[in-house]
Structures are given as C-alpha cells and as structure tokens.
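The structure appears right after this line, and notes come after that.
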Amino acid sequence: MLGGDGELFVTDDANGQPVGSIPAGATWTVVVDTPGVALVKADGSRTGRYGGISAVNVSESRFAVANGRRYRGRLNVVRDASGLTLMNRVPVESYLAGVIGGEMGPRRPDERQAMLAQAVVSRTFALKNRGRWESQGFDAWADVRDQVYGGVAGETPAVWEALRATRGEVIRYHGALVEAYYHSTCGSSTAGVEEAFRTAQARPYLRPVSDASGGGRYYCDLSPRFRWREEWDGAKLRAILSRTLPAMMNAGGGGLQRITDIAVTGTTASGRVREVRIAFEHGDVRVPGSDVRAVLRPEPDRLLGSAAFRLTVDKDGGQVSRVVAAGSGWGHGVGFCQWGAVGRARAGQDYPKIVTTYFPGTNVERLY
C-alpha cells in the first residue's frame, strides 16, 4: 500500500517518466505484474507495467507512506525473484534518525551520553557497510541483518539532538572506519569478534573488554536481560534439536537418536561457551560457540539470549530429561554494549570515553 500525508508523485523507476499522482490520504496498491510491477488505484483501475516505480512526497514537511509507515526521502518498489522489494533512499543522517530511537529507546537526561555514543556507533556502522548490498540495489537491510530502521516513526527530538551534537563523527582505528558491532547487554565482558562469528578475523579493537564498575557490579547490570534462564524438558529439547541439528549430523530415517548428555566442553577468553557437546546413543555432535545460540534455541523462532551460560542437566533412564541454561547478557557480545553505555553515562562518562572503551585503541573523529 503506497500513499502519503501529502501528494505523492509516482514515476517509472527506469526512465523517470510520470506514472501518476496519489492524492494526500489516498492509497494505491503495488502488485506483481510479471516481469515487473503495476499499481492498482483507489478506484480499482490499473496502471501499465513497469520494471519498478519511484515515489516522492511533493508537499513540504509531508512524508511518503508504505504499508502504514511514514518515510522521508524517496521510495522505490522493484520486482525481484521473491516478489517486491521496498527501498527508501534518504541522506545518512535521516537514515540514522530512523535507527537510533529504536536501538536506545527513550533515555533520561543523565543517560544522554549513551544516546550520543549510539549515534556515533550507528553512523560508523552505516558508512562502513555502505555498498555491501550494492548488487541488490541498496546499502542496508532495515532489520537485524544491518540496523533496524523504522522510518519517521523512529525519530524523536532527543534522537535529532544526538545526531546534531555528533554530526559527522565516526570511530576510526589507525585512520580507517571500524567494524562497529553492537549488542544489547554484554553481561560482564564483551566478546572478541572471533568468539562470536566463525568466519570473522580477530581485530585489536574487537577484543574482550570488562564491564566491571567496581564492588562486584557491572555497568550493564541495570539491563533487564543482564541475567536470564531457559529450560527444556526432554521432549522440547528433542523437538528443537530435530529442527536445528540436521545439517550437523545424520538423523537417519527414524529421526533424532536418544539424547544421552549435553555439556559445555570449553569456554572462551570472555567466559562464553566455546563448544557444546551433545551426546546420543551412537556418537555425538560438537557445536561451536558461534553456532550454539542458533542450535540450542528456547523456541524455534528465537535465538538463545547469549553464548555466556552454564548448563544443568537432569537424566532419566539414561537419557536427558531436563536442561537448564543460566545465562548472562543479551546478543553476540561484540563491541559496543548498549546497556553498559547507559550505565557508564549515569556514572558520568562522556560519549567519546564510552565509545573508545568498548572499541579499545580507536578514536572518535569528525568525517564531515
């Protein structure tokens, strides 16, 4: 559904020729018309076929709307192998305004430096990864594959103030933009990038960093996900592993063998799981730490909170009947800890200090 809170001007994406004008408040529907797209107007009439369409709001201080969500800049809808792709073309700072609010949420005045730190981190991430999806016609996915982008709905006065206060500032290591990983809660220490991602190369600025604040406390311990617990009974564990393990073992015609044991067999420098061994009646599977969150899922559609956990295992009749994971932190644990940044801001640290603590050896510098 395509429209706007002002008049929306629609053109052929291939040659810029006019397609039509959608009145303010009205909506047209973009539909697949193999091998391109067409638009169905409010009165039910249909346009011709186009390879893609481009739409921009021509009213001042008004926005384009797609599927009920408002966007700055230009919208493009193109045909691809799976159906339709919606793209929003905006300046970098406008893109960041739709990212940062969702990442940090509303923040108190004494947490402002955490918001500024997130602005610098997200800007660095966006610029470092610009062009990564060039073959598909865009720079970033609007979900966790890159940064979650909500369009105008993600904007707040505090977000725009953070962007103005840090305008053009990025994180550099020896003059180059860093890989600006970030996550919700480190749980006590961030992780080295090679701990979390199997194919990643170690980086000096992506090594474990303690989040200790003194007296046995941690800057991120105010996070609601600082500590967590998950539990599986035998049937649930079997059902989950039947979904997640087939690529790692031969389940055979009879399905998954009886699970006789499950144990953490190694930990990393930051205290996260390096390997989990799952034993069956005939053989075992060793799951590397980089895959354990995807294999040992609490639910089929949800990753395990983090790779920092301990297991308690109960057995009955020679097979596993109950598993409890007691964990800390939330996310992959690499780089910038968002809740740690909030704790550090409350403690009086400014955003350059926060950023360069989580990315050791780096500098915050103005790029534009």
Need pairs with beta-carbon distance below 9 Å; first residue under 16 Å from Leu84 (Cβ atoms) and within the stretch 28-50, second surrounded by fewer than 10 Cβ atoms within 10 Å (Cβ to Cβ); sequence gap 6+ or separate chains. Val32/Gly83; Arg49/Thr34; Arg49/Pro35
For strands (runs of 3 or more DSSP E) lying entirely in the stretch 1-91, having 3 or more residues that are touching a helix residue (DSSP H, G or I) at 6+ places or on another chain (Cβ under 8 Å) picks out 69-71
Close pairs (8 angstrom Cβ cut-off, 6 or more residues apart or separate chains): in contact (Cβ under 8 Å) with a residue 60 or more places away in the chain in the stretch 115-126, polar (S, T, N, Q) and assigned to a helix (DSSP H, G or I) anywhere: Gln118/Gln338
Could you check, for the stretch 134-141, whether at least one of its residues is surrounded by fewer than 18 Cβ atoms within 10 Å (Cβ to Cβ), modelled with pLDDT of 95 or more and under 29 Å from Leu75 (Cα atoms)? no
I'd like to know if the stretch 312-320 contains one or more residues that are under 23 Å from the mean Cα position of the chain (by Cα) and within 18 Å of Gly271 (Cα to Cα). no
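Here's a check for you: in the stretch 191-238, which residue that is part of a helix (DSSP H, G or I) and free of Cβ contacts under 8 Å to residues at least 60 places away in the same chain is nearest to Asn363 (Cα to Cα)? Spell out how you get there, then give the answer.
Our first condition is that a residue be part of a helix (DSSP H, G or I); within the stretch 191-238, this holds for 193-196, 234-238.
Keeping just the survivors that are free of Cβ contacts under 8 Å to residues at least 60 places away in the same chain gives 194, 235-236, 238.
Numbers: Glu194: 22, Ala235: 51, Lys236: 47, Arg238: 48 Å.
Step by step, filter the stretch 191-238, then rank; the result is Glu194.
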So, first residue closer than 18 Å to Phe63 by Cβ in the stretch 11-23, second residue assigned to a loop (DSSP other than H, G, I, E, B) and of a type in the set (Phe, Trp, Tyr), Cβ within less than 9 Å, six or more apart or across chains; the pairs are none
Among the residues of the stretch 149-180, write down those that are assigned to a loop (DSSP other than H, G, I, E, B) and free of Cβ contacts under 8 Å to residues at least 24 places away in the same chain. His174, Gly175
Scanning the stretch 156-172 for residues that are surrounded by 15 or more Cβ atoms within 10 Å (Cβ to Cβ) and under 15 Å from Arg107 (Cα atoms), which turns out nearest to the chain's Cα centre (by Cα)? Val159
Is it the case that the stretch 111-124 has a residue that's modelled with pLDDT under 95 and either touching a Leu at 6+ places or on another chain (Cβ under 8 Å) or of a type outside the set (A, V, I, L, M) (or both)? no
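Could you tell me which residue of the stretch 108-134 is farthest from Leu8 (Cα to Cα), considering only residues that are among the basic types (Lys, Arg) and within 20 Å of the chain's Cα centre (by Cα)? If you could, list the steps in order and put the result at the bottom.
If we filter the stretch 108-134 for residues that are among the basic types (Lys, Arg), which is where we start, we get 108, 112, 123, 128, 130, 132.
Subsequent filtering for residues that are within 20 Å of the chain's Cα centre (by Cα) retains 123, 128, 130, 132.
Numbers: Arg123: 29, Lys128: 32, Arg130: 28, Arg132: 30 Å.
Here the residue is Lys128.
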Determine if the stretch 254-265 includes at least one residue that is within 20 Å of Cys186 (Cα to Cα) and at pLDDT 95 or above. yes
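Does the stretch 276-285 contain at least one residue that is in contact (Cβ under 8 Å) with a residue 60 or more places away in the chain, assigned by TED's automatic domain parsing to the domain that holds Val323 and within 21 Å of Ala196 (Cβ to Cβ)? Give the steps one after another, and end with the answer.
First, pick out the residues of the stretch 276-285 that are in contact (Cβ under 8 Å) with a residue 60 or more places away in the chain: none.
No.
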Could you please give the count of residues in the stretch 280-318 that are touching a strand residue (DSSP E or B) at 6+ places or on another chain (Cβ under 8 Å) and either among the polar types (S, T, N, Q) or assigned to a strand (DSSP E or B) (or both)? 14
Looking across the stretch 173-202 at residues that are buried (at least 20 other Cβ atoms within 10 Å of the Cβ) and among the acidic types (Asp, Glu), the single one that is farthest from Lys128 (Cα to Cα) is Glu195
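The values are calculated or read from the model by the stated rules, or taken from the named source; none is laboratory data. Note that this is a predicted model, so its numbers are computed, not measured. Here Cβ is always computed from backbone atoms with ideal geometry, including for glycine, and neighbour counts include all displayed protein chains.
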